[in-house]
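The values are calculated or read from the model by the stated rules, or taken from the named source; none is laboratory data. In this text the structure is predicted, and so the values were computed from the model without any measurement. Ideal geometry is used to build each Cβ from the backbone, glycine not excepted, and the neighbour counts take in all protein chains shown. Heads up: the accessible areas ignore ligands, DNA and RNA and are worked out on the full protein's heavy atoms, side chains in. Shrake-Rupley method; radii C 1.70, N 1.55, O 1.52, S 1.80 Å.
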Amino acid sequence: MSQQVQGVVAPGKNESVRIETIVIPDPGPGEAVVKIQACGVCHTDLHYKQGGISDDYPFLLGHEASGVVESVGAGVTDVAPGDFVILNWRAVCGSCRACLRGRPWYCFNTHNATQKMTLTDGTELSPALGIGAFAEKTLVAAGQCTKVDPSVAPAVAGLLGCGVMAGIGAAINTGNVGRGDSVAVIGCGGVGDAAIVGSRLAGAARIIAVDIDDRKLATAKTMGATHTVNSRTTDAIEAIRELTGGFGADVVIEAVGRPETYNQAFYARDLAGTVVLVGVPTPEMRIELPLLDVFGRGGSLKSSWYGDCLPSRDFPMLIDLHQQGRIDLAAFVTETIGLGDVEKAFARMHEGDVLRSVVTL
């Protein structure tokens, strides 16, 4: 039988979110119902609320989550009721051209639950990134569940479901940061700080944090940045070059998602260096670069989808590193809140007061 739970819904563009009763169907073939234990408040959820992703309202927000599998549908074998899992929004299909070429992190046919969650009047909900985890329970494709060590705190584990994984993966998987490299990270929110953590883990020799907020730069230092640049008062391109012998950084990670910061990243890299765009732009944004500069500087211009991660590989590994004390995922949790505090958490995020507010249930 279907069941009713409480969840946070964005009813329309820029409207305040509200708690609604959500109808969760029993899992069908290949699906799972997960009892949510924690879900981070990610900037992507704010994008959904503001209409920056699509206009398919109402949205059931929340996607950066962990919880316990409650029930599974027919044919599900990878997870079972009682498993502690991190939810992911790239459930790989295993059969598309990317998967068949051994590149499942680029899967072109990732999938979500087939059935729809609804309001009590039957209105179908659009779950954020196919998850919808600002809720007591949610329905997902079973492939969106990655089993991990249940001894880790749910508020910590859930962060790998989006922002922390995106940042660490942008450095390690997409940027291929290596030992001795110089790295600049533009934008020191949760994703940018995670890119700093990933760069340090990969052995970067110099990690330059760039932001317009001195509070964020101070936090970036605690995450592993070796140098900081306030780009409100200092030319970021020139500062990065000065800190890298006049050449520019080997890898520049843009964690803001704006044309002006992408331009900084492009010109702050060394010849044949790499730019990684992990910040999420909005649909109307455009960039303009001289094509001769694109040709003349060489290197790579990359975008990082979810840190080019493979959840089944990367989530357990990063949880193990956290458990060993080699990375401190708990440092990203600024506060824990309830479902009714999500709107306030969006405001705190906008003001730059938090790395992550995490809803716990």
> Ignoring ligands and nucleic acids, what accessible area does VAL152 show with a 1.4 Å probe (Å², nearest 10)?
Replying inline: 10
> Among all lysine pairs in the chain that are eight or more places apart or on different chains, how many have alpha carbons less than 16 angstrom apart?
Replying inline: 5
> Residue by residue, what Karplus-based ³J(HN,Hα) values in Hz, rounded to whole numbers, does region 88-105 have, using 6.51, -1.76 and 1.60 with θ = phi - 60° and x for Gly and Pro?
Replying inline: 10, 9, 10, 6, 6, 8, x, 10, 6, 5, 5, 4, 5, 8, x, 10, x, 5
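Which longest run of the chain has no exposed loop site in it, a site being trypsin sites (Lys or Arg not before Pro) in a DSSP loop with at most 16 other beta carbons within 10 Å, and the site itself not part of the run? All intermediate terms of the calculation are to be shown ahead of the outcome.
On the way: sites that count: LYS13, ARG101, LYS116, ARG179, ARG232, ARG286, ARG326.
Between the exposed loop sites, the longest stretch runs 14-100.
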>> Using alpha carbons only, how many angstrom separate the centre of region 116-138 from the centre of region 278-302?
In response: 36
> Can you tell me the Rg and Dmax of region 280-361, counting just the alpha carbons, in angstroms?
Replying inline: 18.8, 53
>> Rounded to the nearest percent, how much of the accessible area of region 87-173 (1.4 Å probe, protein heavy atoms only) is carbon and sulfur?
In response: 49
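Within the accessible area of region 246-361, what % is carbon and sulfur when the probe is 1.4 Å and the other protein chains stay in place? Before the final figure, lay out each step's value.
Working: 3070 of 5590 Å².
In region 246-361, the share of accessible area belonging to carbon and sulfur is 55 percent.
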> Residues of the chain: accessible area per residue at 1.4 Å, in Å²?
Replying inline: 42
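Please arrange MET349, MET1, MET223 by accessible surface area, largest first, computed with a 1.4 Å probe and ligands excluded. Could the numbers behind the result be given before it?
On the way: MET349 30, MET1 185, MET223 10 Å².
Accessible-area ranking of MET349, MET1, MET223, largest first: MET1, MET349, MET223.
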> Okay, helix-only estimate at 222 nm for the chain: each DSSP H run of n ≥ 4 adds -39500 (n - 2.57), divide by all residues, round to 500 deg cm²/dmol; what do you get?
Replying inline: -7000 deg cm²/dmol
>> Starting from the 7 Å offset along Cα-to-Cβ, what nm value, one decimal, do you get for the label separation of THR21 and ASP149?
In response: 4.2
> Which whole-Hz couplings ³J(HN,Hα) result when phi for each residue of region 330-337 is put into the Karplus expression 6.51 cos²θ - 1.76 cosθ + 1.60, θ = phi - 60°, listed in order with x for Gly and Pro?
Replying inline: 5, 5, 7, 8, 7, 7, 10, 9
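Shape of region 49-164 from its Cα gyration tensor (a ≥ b ≥ c, root eigenvalues): rounded if a/c is under 1.5, otherwise prolate when a/b > b/c, or oblate? Could you put the intermediate results ahead of the total?
Values: a/c = 1.41, a/b = 1.14, b/c = 1.24.
Rounded, since a/c falls under 1.5.
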>> With every atom except the alpha carbons ignored, what do you get for Rg and Dmax of region 144-218, in angstroms?
In response: 13.4, 38
> Ignoring ligands, DNA and RNA, how do ILE186, ILE172, ILE237 rank by accessible area with a 1.4 Å probe, largest first?
Replying inline: ILE172, ILE237, ILE186
> Given the options THR233, THR120, THR174, which has the most mean-square fluctuation in a GNM of the chain, springs set between C-alpha atoms less than 10 angstrom apart?
Replying inline: THR233
>> Quick check: residue separation of GLN115 and ARG258 times 0.36 nm, minus the Cα distance between them. What number comes out in nm?
In response: 48.0 nm
> Using a 1.4 Å probe on the protein chains only, how many percent of the accessible area of region 1-51 belongs to carbon and sulfur?
Replying inline: 46
>> Using only the alpha-carbon atoms, what does region 71-110 span along each of its principal axes? Please give whole angstrom values in decreasing order.
In response: 33, 20, 13
